[in-house]
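One structure below.
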Amino acid sequence: MGCCRCVVVLAVVLLGWGPAEAGRTIALGDVHAEADVADEAAAVTLLVHSALAGDDATLIALPPDLTIGNATLLLAKANAQHAIISELSRDGTGLRLTLAILNADGSRAISYVRGGDGDVVTLAKGVVEQAVTTCALSKRSVADLPLGLLRPYAVALRLRANPTEAAAALADAVPATALSVPSVTVLLAPLTAVADPTLSAVAARALRDGKRLAELGAGTDAAATGARALAALARSSRLEAEQA
């Protein structure tokens with residue numbers, strides 16, 4: 001697989017994924033893709049990160065220089081048992097994800113997952129099912145959400161090297177999405193700290209960060225007024241989700 005250098009700009013420990021008393025340590029990278037399917041790849045990344053988090057799996061950032069050829073050495077240095085790398089591409093009218101799960105003992109599992117155009121859930125399920133089998137994990141479930149709901153978060157993930165642009169991409173996000181895909185609240189958390197208070201509030205609402213919205217709404221200027229308005233919307237959305 002030519003694009004096996006999937007660099008992840010993540011915290012080393014994600015979603016509370018610290019050292020587990022018992023379980024597997026897995027180095028997990030973003031799904032690589034060309035520009036025409038970049039949003040789909042980012043959406044799959046979010047779904048997979050959310051699904052694989054668990055008591056029997058410690059997820060760490062993929063070593064930046066990891067390839068199929070040097071995986072055994074780098075996994076040993078990272079004290080990890082597995083690495084998951086993947087690439088998404090078009091396959092006729094649909095999509096194909098090439099998946100490589102590399103093991104510390106030198107073995108590997110190479111597979112392909114196919115789905116219809118925009119069917120990121122099928123692709124994520126394929127990755128998770130293979131990871132459960134190869135890494136000996138407990139059964140996992142993948143959130144069944146359409147690409148439309150995931151897209152604002154996926155775009156923000158793609159753009160996170162430029163936090164201002166990434167935060168702006170969350171303007172159309174539906175905050176309830178974060179309940180089903182909790183990885184967004186960690187992978188995109190830095191966006192709530194962007195310098196522009198309006199965009200910071202936009203990100204905080206999308207990530208259901210009530211504390212940050214309260215901080216931003218404490219002032220008396222227009223930005224603070226906007227933050228309070230977004231906080232009110234967030235509370236309304238939370239109430240609706242609880243009553244659903």
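Data overview
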{"item": "Pair list, Cβ under 9 Å, 6 or more apart: the range 119-132 residue without any contact (Cβ under 8 Å) to a residue 24 or more places away in the chain, other residue in a helix (DSSP H, G or I)", "result": "Lys125/Leu47; Lys125/Ala51; Val132/Leu52"}
{"item": "Complete set of residues in the range 159-172 that are surrounded by fewer than 21 Cβ atoms within 10 Å (Cβ to Cβ), part of a helix (DSSP H, G or I) and of a type outside the set (A, V, I, L, M, F, W, C)", "result": "Thr164, Glu165, Asp172"}
{"item": "Residue match in the range 175-197 (condition: closer than 25 Å to Ala51 by Cβ, of a type in the set (A, V, I, L, M, F, W, C), assigned to a loop (DSSP other than H, G, I, E, B) and at pLDDT below 95)", "result": "yes"}
{"item": "Only listed residue being in a strand (DSSP E or B) and under 18 Å from the mean Cα position of the chain (by Cα), chosen from Ala83, Ala42, Ala109", "result": "Ala83"}
{"item": "Only listed residue being part of a strand (DSSP E or B), closer than 19 Å to Ala136 by Cα, hydroxyl-bearing (Ser, Thr, Tyr) and out of contact with any Cys (no Cβ under 9 Å at 6 or more places or on another chain), chosen from Thr58, Thr72", "result": "Thr58"}
{"item": "Residue in the range 29-56 that is surrounded by the most Cβ atoms within 10 Å (Cβ to Cβ), counting only those that are in contact with a Phe, Trp or Tyr (Cβ under 9 Å, 6 or more places away or on another chain) and closer than 12 Å to Val120 by Cβ", "result": "Ala43"}
{"item": "Residue check, Thr177 β-branched (Val, Ile, Thr) and free of Cβ contacts under 8 Å to residues at least 12 places away in the same chain", "result": "no"}
{"item": "Verdict on Thr67 being under 22 Å from the mean Cα position of the chain (by Cα) and at pLDDT 95 or above", "result": "no"}
{"item": "Residue check, His82 in contact (Cβ under 8 Å) with a residue 24 or more places away in the chain, of a type outside the set (Ser, Thr, Tyr) and out of contact with any helix residue (DSSP H, G or I) (no Cβ under 6 Å at 6 or more places or on another chain)", "result": "yes"}
{"item": "From Thr164, Thr220, Thr225, residue being at pLDDT 90 or above and hydroxyl-bearing (Ser, Thr, Tyr)", "result": "Thr164"}
{"item": "Conditions (1) closer than 26 Å to Ala71 by Cα; (2) charged (D, E, K, R); (3) in a loop (DSSP other than H, G, I, E, B); number of the one not met by Lys125", "result": "(3)"}
{"item": "Enumeration of residues in the range 2-44 that are modelled with pLDDT of 90 or more, within 19 Å of Thr72 (Cα to Cα) and small (Gly, Ala, Ser)", "result": "Ala27, Gly29"}
{"item": "Residue within the range 110-117 that is free of Cβ contacts under 8 Å to residues at least 60 places away in the same chain, touching a strand residue (DSSP E or B) at 6+ places or on another chain (Cβ under 9 Å) and of a type in the set (D, E, K, R) present", "result": "yes"}
{"item": "Every residue from the range 83-96 that is within 16 Å of Ile110 (Cα to Cα) and either crowded, with 24+ Cβ neighbours inside 10 Å or polar (S, T, N, Q) (or both)", "result": "Ala83, Ile84, Ile85, Ser86, Leu88, Ser89"}
{"item": "Test for Asp144: is it over 15 Å from Leu28 (Cβ atoms), at pLDDT below 95 and of a type in the set (Asp, Glu)", "result": "no"}
{"item": "Unmet criterion (only one of (1) buried (at least 20 other Cβ atoms within 10 Å of the Cβ); (2) in contact with a helix residue (DSSP H, G or I) (Cβ under 9 Å, 6 or more places away or on another chain)) for Asp144", "result": "(1)"}
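The values are calculated or read from the model by the stated rules, or taken from the named source; none is laboratory data. The shown structure was predicted, so the numbers you read here are calculated from the model rather than taken from an experiment. Positions of Cβ are backbone-derived with ideal geometry, glycine not excepted, and every protein chain shown enters the neighbour counts.
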